[in-house]
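Taking it in order: structure first as structure tokens, then the write-up.
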Amino acid sequence: MLNLSHYRFADKREDEEVITVIHRHWFNILQNLFLVFIMLLLLFGSYAVLPALFPILTATDYQRLLVFFESLFAMLIWILFFLIWVDYYFDVWIVTSKRIVNIAQRGLFSREVSEVELDKIQDISAEVLGIIPTFLNYGDVLIQTAAEKEKFVFRKIADPYTTKDLIMGLEKRSLQRAENNKAKTEAEAITAALGNTNKP
């Protein structure tokens, strides 16, 4: 298991331990990059095919124009690849000993951070839909909460059933810890009240 004690994120609490960091499954970025691969094929095809189909493009002025548009197209492909990679890499779910933090990257300059405390979780389910997700073992984990944001969804993550079991175990430990703290507080209050009544 990975050592995540060095892992830091904004608003990390002192008494909080990072259990796991989850990204979307690698097949998801592959699906998103399919358009980039098609565009690359078009770009390399234009280098080889266009001058053969249109010999006028080999003339100096037209050749410069062709190279300009091919360079522009290559830059567009690079920007698209970069945006897809940023969205994939910075979309992250952080499961800690106290809560789940969802950091959703929305473009280059926008990010949405939401979180749910483990003791606010009411129900957890995992679903894997389709042939490819079944073979590659990826899917969604849906968390029903009593918090402001009712549904908390881990989309297209690897091994959703293991993630569901991990979160259920953490939730049970969190509830047990809360019950123990409540019982301890009540016992201290009773002891303090009994101590005050025994004094003359």
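I need W93, W78, W85 ordered by Cβ neighbour count within 10 Å, fewest first.
Ordered from fewest to most neighbouring Cβ atoms within 10 Å, W93, W78, W85 come out as W78, W85, W93.
Structure remark: mean-square fluctuation, Gaussian network model of the chain, C-alpha springs under 10 Å; the largest value among K156, K182, K172 belongs to K182. A simple rule links phi to the HN-Hα coupling: the Karplus curve 6.51 cos²θ - 1.76 cosθ + 1.60 with θ = phi - 60°, which for segment 85-91 gives 5, 4, 4, 5, 6, 8, 7 Hz, with x for Gly and Pro.
Among the listed pairs K98/K156; K120/K172; K120/K156, those with a Cα-Cα distance over 18 Å are K98/K156; K120/K156. Across segment 93-101, rounded Karplus estimates of 3J(HN,Hα) from the backbone phi angles (6.51 cos²θ - 1.76 cosθ + 1.60, θ = phi - 60°) give 10, 10, 9, 10, 6, 10, 7, 10, 10 Hz, Gly and Pro being marked x. Largest GNM mean-square fluctuation among N137, N181, N32, using the chain with Cα springs under 10 Å: N181.
Given a cut-off of 19 Å, what percent of all Cα-Cα pairs of segment 30-87 lie beyond it? Everything past 19 Å amounts to 38 percent. For the chain, the equivalent ellipsoid derived from the alpha-carbon gyration tensor has semi-axes of 56, 18, 12 Å in decreasing order.
Of all aspartates and glutamates in the structure, the ones whose alpha carbon falls short of 20 Å from that of K151, not counting any fewer than 8 places away in one chain, are D91, E112, E115, E117, D119, D123, E127, D140, D159, D165, E171.
Each value in this text was obtained by applying a stated rule to the coordinates, not by laboratory testing. This structure is a prediction, so every number in the text was calculated from the model and none was measured. In this analysis, Cβ positions are derived from the backbone assuming ideal geometry, glycine residues included, and neighbour counts consider all displayed protein chains.
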